[in-house]
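The values are calculated or read from the model by the stated rules, or taken from the named source; none is laboratory data. Not measured: the values here are computed from a predicted model. Using ideal geometry, Cβ is built from the backbone for each residue, glycine included, and neighbour counts are taken over all protein chains shown.
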Amino acid sequence: RSKFEQLAGELVNPRRNITLFSPCKINIFLRITNKRPDGYHDLASLFHVVSLGDILKFSVSPSTTKDSLTTNARGIPLDDRNLIIKALNLFRKKTGSNTYFWIHLDKKVPTGAGLGGGSGNAATALWAANHLSGNLVGEKELQEWSGEIGSDIPFFFSKGAAYCTGRGEIVEDIPPLSLDIPMVLIKPKEECSTAEVYKHFRLDQASSADPRKLLQEIMSRGISQDLCINDLEPPAFNVLPSLKALKERIAATSRGRYQAVFMSGSGSTIVGVGDSEAPQFIYEEDEYQEVFTSDVFFLRRKENEWYQKVISECS
Ligand code: C5P
């Protein structure tokens with residue numbers, strides 16, 4: 001068939017497709033409990049999904065050899081270094097499926113930010129591939145498989161809030177926090193490489209707080225500064241010294257408007273929880289890549305749905 005005939009066919013008989021919201025996460029606390037012989041670190045962290053996210057559109061492709069990924073964002077690899085393609089390759093390997101996809105990624109979540117944007121996209125891709133293939137497997141399997149391509153991906157199969165241990169892949173669902181707590185995410189221009197931050201981690205700089213106690217306290221009395229401990233802050237501040245000053249300035253400028261100010265994941269995003277307006281100085285300088293203020297709040301998943309919205313579907 002000519003390209004034109006193929007296109008005309010598509011218009012009359014559109015290919016199965018689905019458009020999904022792909023949220024990111026923050027770590028309300030992140031304790032590192034051990035350096036492992038396999039190069040990873042054991043952690044204990046409260047992960048929570050937030051309402052900032054990307055939009056991912058998946059269509060079943062006529063190709064029997066490769067996926068095709070496009071995006072609005074710059075500097076993102078579109079080949080099999082991308083976690084979306086890794087996720088689709090994993091799905092085909094595990095299920096024996098021979099379905100390939102066209103994917104368009106509308107990126108809003110910054111990269112190198114400690115927000116798990118790429119990990120969330122990988123989870124969304126696994127869910128979409130399974131959905132468009134007639135649900136070959138259950139979500140538990142997708143969740144288990146996803147840990148093979150990234151430590152943070154299994155979390156996205158939770159209901160929105162989870163206590164994660166191991167490399168991050170052992171996911172214990174907990175009741176999501178109130179959806180009414182506003183927050184601000186501040187991402188400086190500089191990115192943090194997760195591997196680089198972990199390389200600078202030293203066990204003697206870590207907190208000694210019991211992570212289960214931190215979890216219980218947050219569940220019973222809510223988020224407060226003393227509970228939002230991130231053991232990756234010292235190594236991240238080592239890698240990117242300006243980040244420490246940024247965190248301190250946000251805390252100082254906000255004059256106590258936030259319940260807590262802390263770094264998410266391995267950085268470089270600083271989170272301010274409990275206020276919907278960023279401190280004024282942020283708009284006066286150009287050192288920040290992005291400041292997410294309004295409409296950032298905790299998110300949860302409904303049963304059998306991929307976060308709050310299947311944006312559109314055609315079958
Ligand atoms: O699992 P993922 O590919 O996201 O991890 C990226 C890098 O971060 C790893 O190669 C490792 O260096 C570091 N890491 C770690 N301990 C973890 C998670 C990640 O040391 N629990």
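Points to keep in mind about this one:
- Of the residues S178, S193, the single one that is away from the ligand (no atom under 13 Å from the Cβ) and polar (S, T, N, Q) is S178.
- Subset of the stretch 159-176 [in contact with a helix residue (DSSP H, G or I) (Cβ under 9 Å, 6 or more places away or on another chain) and more than 27 Å from L243 (Cα to Cα)]: E169, I170, V171, I174, P175
- Scanning the stretch 35-78 for residues that are out of contact with any strand residue (DSSP E or B) (no Cβ under 8 Å at 6 or more places or on another chain) and of a type outside the set (S, T, N, Q) yields P37, D38, G39, Y40, P62, K66, R74, G75, P77.
- Residue, surrounded by the most Cβ atoms within 10 Å (Cβ to Cβ), within the stretch 202-214, restricted to residues that are out of contact with any Leu (no Cβ under 6 Å at 6 or more places or on another chain) and of a type outside the set (G, A, S): P211
- Residue satisfying condition, being basic (K, R) and farther than 25 Å from D231 by Cα, within set K140, K187: K140
- Of all residues in the stretch 111-139, those satisfying the criterion of being surrounded by fewer than 24 Cβ atoms within 10 Å (Cβ to Cβ) and on the phi > 0 side of the Ramachandran plot are G112, G134, N135.
Okay, residues lined up against (1) in contact with a Ser or Thr (Cβ under 6 Å, 6 or more places away or on another chain); (2) more than 16 Å from the ligand (Cβ to nearest atom); (3) closer than 30 Å to V184 by Cα; (4) in the same structural domain as A113 (by TED's automatic domain parsing):
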{"site": "R15", "(1), (2), (3), (4)": "yes, yes, no, yes"}
{"site": "L30", "(1), (2), (3), (4)": "yes, no, yes, yes"}
{"site": "F47", "(1), (2), (3), (4)": "no, no, yes, yes"}
{"site": "G53", "(1), (2), (3), (4)": "yes, yes, yes, yes"}
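- Residue that is farthest from L115 (Cα to Cα), among those in the stretch 55-86 that are away from the ligand (no atom under 16 Å from the Cβ) and among the basic types (K, R): K66
- Selection of the stretch 178-190 for residues being in contact with a Leu (Cβ under 9 Å, 6 or more places away or on another chain) and surrounded by 18 or more Cβ atoms within 10 Å (Cβ to Cβ) yields L185, I186, K187, P188.
- Those residues of the stretch 125-156 which are of a type in the set (S, T, Y) and either modelled with pLDDT under 95 or more than 16 Å from the ligand (Cβ to nearest atom) (or both), in sequence order: S133
- Residues (farther than 17 Å from L43 by Cβ, over 12 Å from the mean Cα position of the chain (by Cα) and of a type outside the set (K, R)) located in the stretch 147-168: E148, I149
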